[in-house]
Amino acid sequence: MSKRYIIGLGEALWDVLPEGKKLGGAPANFAYHAGQFGHDTIAVSALGEDKLAEETIAALEEHELSYCMPRVPYPTGTVQVTLDDQGIPTYNIREGVAWDNIPFTAEVEDLAMHCQAVCFGSLAQRSIVSRETIGKFLDHTPADCMKIFDINLRQSFYTKEIIEESMKRCNILKINDEELVIVSRMFALPDLDEEKRCRQLIETYHLDVLVLTCGTNGSYVFTKDTTSFQPTPKVEVADTVGAGDSFTGSFCAALLNGKSVEEAHKLAVQVSAFVCTQNGAMPVLPESLKQ
């Protein structure tokens, strides 16, 4: 049987934090954390022809994370990250960079055809080149592929069209409470409570699962017939960069490992809480979580 992969697809960038720069971007973070649970994972993006690209490759290899990142004639992506007193990040995302220009190569097409799960967001679709590549990738995935749209609204880099098309093409939607407010206004959802809005999205877009994260107020996972709630553990926060990606990666890995939605949700909350206690988005998880 051919090997099948969990793919993080989209932006490859460096988070420039107060203490220095760290490799970031949701796709690499997602793939890294899913990979800690025994899956073959690959981060798919694009890099420039510059020194920062070489540093990216060195960092990926240091984290033992496989990658497919063709070189393109644009600078490798960077994001200026500032943290408030609670460790909550604000992002200033450079435009016109390599991950805005991800090519749909033969290697990327082959990965799509051998993909068992893919996570993509709205940010990497801000440019037409990467948007078309993401669309082609989704078109080439097997029928049983888990397609996770981690909506991840950043600055003004999204449109109603991109969000709607992505929700039509995914079977799992991950959204936070602030993003749910924006999406509800954008699509003129009735003024209902959060669960009813989520269930309307499930029904409208034929979703299998909707994950709603609410910061310190906990998180929910909705399916057509069930609701799972987990409180947010109280931990000493170092920073929250990458915590949401670790949630998604561990949730996806747990489902593919045969766990129930409730079990996968509980693990995802524990993993993201641990990541919040560490600096950077890619800490090694303790064995107690991996087991």
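The values are calculated or read from the model by the stated rules, or taken from the named source; none is laboratory data. Note that the structure is predicted; figures quoted are calculated from it, not measured. When we count neighbours, we look across all protein chains shown, and the Cβ atoms used for this are built from the backbone with ideal geometry, even at glycine. Heavy atoms of the whole protein, side chains included, go into the accessibility calculation; ligands, DNA and RNA do not. Shrake-Rupley method; radii C 1.70, N 1.55, O 1.52, S 1.80 Å.
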Could you tell me which of the residues Gly215, Gly258 is out of contact with any Gly (no Cβ under 9 Å at 6 or more places or on another chain), loosely packed, with under 15 Cβ neighbours inside 10 Å and under 17 Å from Gln116 (Cα atoms)? Gly258
Being open to solvent by 10 Å² or more (accessible area, probe 1.4 Å), touching a strand residue (DSSP E or B) at 6+ places or on another chain (Cβ under 6 Å) and more than 23 Å from Gly96 (Cα to Cα) is the filter here; which residues of region 30-60 pass it? Gly35, His39, Asp40, Thr41, Ile42
Only unsatisfied item for Arg4, checking (1) closer than 30 Å to His140 by Cβ; (2) touching a residue at least 60 places away in the same chain (Cβ under 8 Å); (3) surrounded by 20 or more Cβ atoms within 10 Å (Cβ to Cβ), is (3)
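Okay, residues lined up against (1) aromatic (Phe, Trp, Tyr); (2) in a strand (DSSP E or B):
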| position | (1), (2) |
| --- | --- |
| Asp15 | no, yes |
| Lys21 | no, yes |
| Asn29 | no, no |
| Tyr32 | yes, no |
| His39 | no, no |
| Ile42 | no, yes |
| Ala58 | no, no |
| Pro73 | no, no |
| Thr78 | no, yes |
Would you check which residues across region 228-242 are under 22 Å from the mean Cα position of the chain (by Cα) and on the phi < 0 side of the Ramachandran plot and list them? Ser228, Phe229, Gln230, Pro231, Thr232, Pro233, Val237, Ala238, Asp239, Thr240, Val241
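What do you reckon, is Tyr67 open to solvent by 50 Å² or more (accessible area, probe 1.4 Å), of a type in the set (Ser, Thr, Tyr) and in contact with a Leu (Cβ under 8 Å, 6 or more places away or on another chain)?
Considered against the rule, which asks whether it is open to solvent by 50 Å² or more (accessible area, probe 1.4 Å), of a type in the set (Ser, Thr, Tyr) and in contact with a Leu (Cβ under 8 Å, 6 or more places away or on another chain), Tyr67 comes out as yes.
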Report, by residue number, each residue of region 1-22 that is of a type outside the set (A, V, I, L, M) and out of contact with any strand residue (DSSP E or B) (no Cβ under 7 Å at 6 or more places or on another chain). Ser2, Lys3, Glu19, Gly20
For region 171-182, how many residues are over 15 Å from Leu123 (Cβ atoms), part of a helix (DSSP H, G or I) and open to solvent by less than 60 Å² (accessible area, probe 1.4 Å)? 3
Is it the case that Thr82 is out of contact with any His (no Cβ under 7 Å at 6 or more places or on another chain), polar (S, T, N, Q) and open to solvent by 10 Å² or more (accessible area, probe 1.4 Å)? yes
Of the residues that make up region 230-239, is at least one touching a Lys or Arg at 6+ places or on another chain (Cβ under 7 Å) and under 18 Å from Ile175 (Cα atoms)? yes
Might you let me know whether region 122-131 holds any residue that is β-branched (Val, Ile, Thr), in contact with a Ser or Thr (Cβ under 6 Å, 6 or more places away or on another chain) and at pLDDT 95 or above? no
Leading residue by the ranking (farthest from the chain's Cα centre (by Cα)) among those in region 243-262 that are over 13 Å from Ala273 (Cα atoms) and of a type in the set (S, T, N, Q): Ser260
Exactly one of these conditions fails for Pro27: (1) closer than 29 Å to Ala117 by Cβ; (2) open to solvent by 60 Å² or more (accessible area, probe 1.4 Å); (3) not β-branched (Val, Ile, Thr). Give me its number. (2)
